[in-house]
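A short reminder: the numbers here are calculations on the coordinates, not readings from a lab. All values reported here derive from a predicted model rather than from experimental measurement.
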């Protein structure tokens, strides 16, 4: 994916030489949040078309302000962006974290790998909760939100069950397959990590919800993990309906 300087202003004649410091900061920030996982300095330099030294300097400033975080693999959205993205649905997100933890614990115990819960709100994926052991891999440390793409199993299964797929997503066949089978699988670019994800059916909320297990390729039993994921997703959906019914009853009593 490439983000051109002209795209900032809609002016096709605009070049990087005419960009202000703010323009460059927005160009780099948009490139960071467009990635599902950490992006390296080299990747961000290529995508923005800016000089490597400029991108590095901008990233340092953004990191100081908390809108970009550094990881061993590169850069991703920071705490300030995470807080802004989560605040609008804070109560629902808190409920999901609280209610999902026992189910994620079941998945973690069954697979021995990282179990996670994610939701798709608009065109942004929010990774809300995850459980992992000291020897298992895990999602980026920050519970973060990133622009949805169909690169990973988690975003693919969420997009497959969304009523509004972002226009930038063009992998229609993969989304159709995920919708038909109810499960999505992906590997990281190096092939070392594998993720399986399923949608939580009828989750009693206005956006798609997914459970996933992420582990090292070769040590993750795909068949048994898929079975555990499907069973846990149905159990979690049933639990959410009970929670919603209980909350509705309490609201009526209070009224």
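General observations
- Gap separating the Cα centres of the range 100-129 and the range 29-54, nearest whole Å: 27 Å
- Full-stretch length increase - residue 20, residue 192 - with 0.36 nm per residue and alpha-carbon distance subtracted: 57.9 nm
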